[in-house]
1. If neighbour count is taken as other Cβ atoms inside 10 Å, put Asp186, Asp135 in order from fewest to most.
2. What's the FRET efficiency of Ser70 with Glu238 using the Cβ-Cβ distance as r and R₀ = 25 Å, to the nearest 0.05?
3. Could you check the spin-label model distance between Ile292 and Tyr198? Points 7 Å from the Cα along Cα→Cβ, value in nm.
4. Check which residues have an amide H placed less than 5 Å from Val138's amide H, if you skip close sequence neighbours.
5. If a paramagnetic tag sat 7 Å from the Cα of Glu216 along the Cα-Cβ line, which residues of the range 152-193 would have the backbone N under 17 Å from that point?
Amino acid sequence: MRVNKKQLLGFGGLAFVVGLTTIAYNLPTSAVSVGGAVEVRVEVYNINLETVIQSPEDGDIVSDKDVTFSEMHSHASNVKYYLTYVAEDGTETVHELTDQEISGTDLTGRTEFTLDLDNYGGAGTYIFRSVATNDDGVVREDAVQFTYARSSADQDDVVVDGDNKKIAFRVCYTAGVDRLVYQIFDKNGNPVSNEYEYEIQDTDCGDCVEIEIPLEGDDAPDLKEDGQYTVVIKSYDENGNPISTSSVYFDYEAKPDDIDVPDTGSILKALNISKADFMITGLVGFTIISLISLFVIRRSHKK
């Protein structure tokens, strides 16, 4: 009989503890104090609320001004999007994309849209944020940073040396550009030079560089004809991915071959006779002598 009473007391105590635990667990956001010494707060969150940006990825370098943004969300009643342009001096301009905002009840799905970055600051660094909220006021947020990179060359900056010894032009580039590769083509699109390369020293910021191509020397382009030539400039990121292509042109006037004046001695030096003159004179003299020889031989046979 004593054993039964102990068992009943044990079951009763266990039931009492379970009951208190159940009551505490089901309390809303509130406080329960025991003797004023211990305070317990029970807060219930919706762990299914989420927003995840799928593209662009953090650290991406894009070369196209039209960029596609993609985001996944679950159990949200509202999702807002923000695009921040970070200028070279660090100034931030925040664009709230209200036309892309999503609202609903227990909203779960995927949002995708495309923006022309030239309308939001142009080339440079961007931060894209998505902020999801549910009916309980709980907020979830995701953000990525990416770079819109490109390079360009202005035709107005092209300078050709007066003696056709070199051509110079200016190339401006943004953050994310790692190297420039440029080559000269003729009017038919055929390359007339090797590929030249310029490596950017600091890829974290944009700048401009003056580039010169020698038109004389061992590594000079093979410019044989008068006319217009085009310099094509390509830019690449640090992984070798192409970013952008631009071009400038220049007019070239081929110089006539320099007259190679031989040393004609002290008597004929002042005449400035070239090798070509000597060759023509020699051929004429050889022809005359040959005709005279034939004439003499023919007369000798007749006798």
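Readers should treat all values here as calculations from the given coordinates under stated rules, not as data from a laboratory. Only a predicted model underlies this, so the values are computations on that prediction, with no experimental measurement involved. Positions of Cβ are generated from backbone atoms using ideal geometry, with glycine treated the same way; all protein chains shown enter the neighbour counts.
1. Details: Asp186 19, Asp135 13.
The fewest-first ordering by Cβ neighbours comes to Asp135, Asp186.
2. Values: r = 25 Å, r/R0 = 0.98.
That pair, Ser70 with Glu238, gives E of 0.55.
3. 6.5 nm
4. none
5. So the set is 160-168.
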